[in-house]
1. Quick one: dipole size for the chain, taken about the Cα centre, charges +1 on Lys/Arg Cβ and -1 on Asp/Glu Cβ, in debye to the nearest 20.
2. Averaged per residue, what accessible surface does the chain expose to a 1.4 Å probe, in Å²?
3. Alpha carbon centre of the range 366-397 versus the range 39-88: separation in Å?
4. Lysines near residue 172 by alpha-carbon distance under 19 Å, same-chain residues fewer than 8 away left out - which ones?
5. Please arrange 152, 236, 52 by accessible surface area, largest first, computed with a 1.4 Å probe and ligands excluded.
6. Taking the Cα centroid of the range 182-260 and of the range 272-287, what is the distance between the two, rounded to the nearest whole Å?
7. Return, for the Cα atoms of the range 7-69, the radius of gyration and Dmax in Å, separated by a comma.
8. Under a Cβ-Cβ cut-off of 13 Å, what is the net charge of the residues other than residue 217 that fall near it, where Lys and Arg count +1 and Asp and Glu count -1?
Amino acid sequence: MSLDDPSILWVIAIIILVACSAFFSGTETAFSSASKARLKSYANSGDKRAKRALKIVDRYDTALSAVLIGNNIVNIGAASIGTLLFTGLLGPSGAGVSTIVLTVVVLIFGEVVPKSLAKMNPEKVVMRSSSVLWFLMKLFSPLIWVLQQIVRLFSNKMGGEQQPSVTEEELKVIIEEIEDEGVLNEHESELVQSAIDFDDIMVDEILTPRVDVAAVEAGEDPEVIKELFFSTGFSRLPVYEKTIDDIVGVLNEKDFIRAYLQDQKVDIAPLMQQVLFVPPKKHISKLMRELQGAHLHIAVVTDSFGGTIGIITLEDIVEELVGEIWDESDQIKKELEQLSEDTYRVSGDRNVYDLFEDLDVDDSAYTGSSQSMSGWVLDTLEHIPEPQESFTYENLSITVEEVQEQRITSLLVKVFPKPQEEDDE
């Protein structure tokens, strides 16, 4: 068999076509697996190949069509030449042999191996193949346009909608996975998770309830106001007229003390800052922007009748992102205290969903509207409970421990082992 033998040329042609199939298969996997953020990092460093790759990523549907067209062309070409080669060598039975041999060769060397290699380092493969793929996108543009119109036609008929590449829940799973891989430490992971959840939090989930609000009456004696500032440690106090349902301003400690040192009979009316009133179902992300824009630190939460539900501070909002912020005047209050291996003391103010997360309990069956533990107990028992009253939820037993002035201040939560799920036969 000499170099002039057509069989040698056919073998060379098959090898070239299988190599092209490997290129298309590897490129398809690389572009679907590559990190866009990593490519942006390379592009910002001045890598021209990364910049071109990003352009292709932004037109992924067009790139995928070019890859599929090219892959089908080379695979059909390899199958056709293989049939000619084997029928020339083996006669009519060569067609069946060609199908078996080419299927195995293309599967191994044109699909499995290149895709596995591309998956290991997709960004490098993407950058190396970007120039060739960009050329093929231009070359096959008429065919690609026809394919896209066909896809659009079927998409419209089936009512298909563009889905986001990553949902919020999937993003949370990704963060947990990269934390497990050591890319993020626990604190960084919690910070990112908090940032994702931040937009979903409502004012009524984190406000200070009315019964816990320290406030002063507009005509109060300055000496009493001074003592309240010192005893509470708060830097700002709401000011009301007659009842706390009629809050008229906010008094800053620095402004008050400065004026008090000059005149102990100080009139607080000129010192008061304006007050922002917000509904309980407002998102804290929007409220934070409003507070920042108005240069305020406190908002008053009101119900539909104008009554005061509670207050929320800028610090409360920031703590949802970075965790508790303690200063010298804060009294450390444990909302969750482990008493034994399966028993916990829980504050009545503890957020229900935070407790479920702490104790690894499924919250899908929770249908209550209350965010706090005390609210949940009231919704469930439908009356002001006495100590030792209890109810169950999933694998939890919740018992009222202490009630002060009609307010549930602490509960005991006992965690029972989860029932073992039977293995599917």
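The values are calculated or read from the model by the stated rules, or taken from the named source; none is laboratory data. Because the structure is predicted, anything quoted here is derived from the model rather than measured. Ideal geometry is used to build each Cβ from the backbone, glycine not excepted, and the neighbour counts take in all protein chains shown. Note: accessible area is taken over every heavy atom of the protein model, side chains too, but ligands, DNA and RNA are not part of it. Shrake-Rupley method; radii C 1.70, N 1.55, O 1.52, S 1.80 Å.
1. Details: 35 positive and 72 negative charges, 856 e Å.
Using Cβ point charges on Lys, Arg, Asp and Glu, the chain gives about 4120 debye.
2. On the way: 26060 Å² over 425 residues.
In whole numbers, the chain has 61 Å² accessible per residue.
3. 60 Å
4. List returned: 36.
5. On the way: 152 120, 236 55, 52 75 Å².
Heavy-atom accessible area, descending, gives 152, 52, 236.
6. So the separation of the two Cα centres works out to 12 Å.
7. 15.2, 50
8. On the way: positive: 242; negative: 220, 221, 241, 245, 246.
Computed value for this residue: -4.
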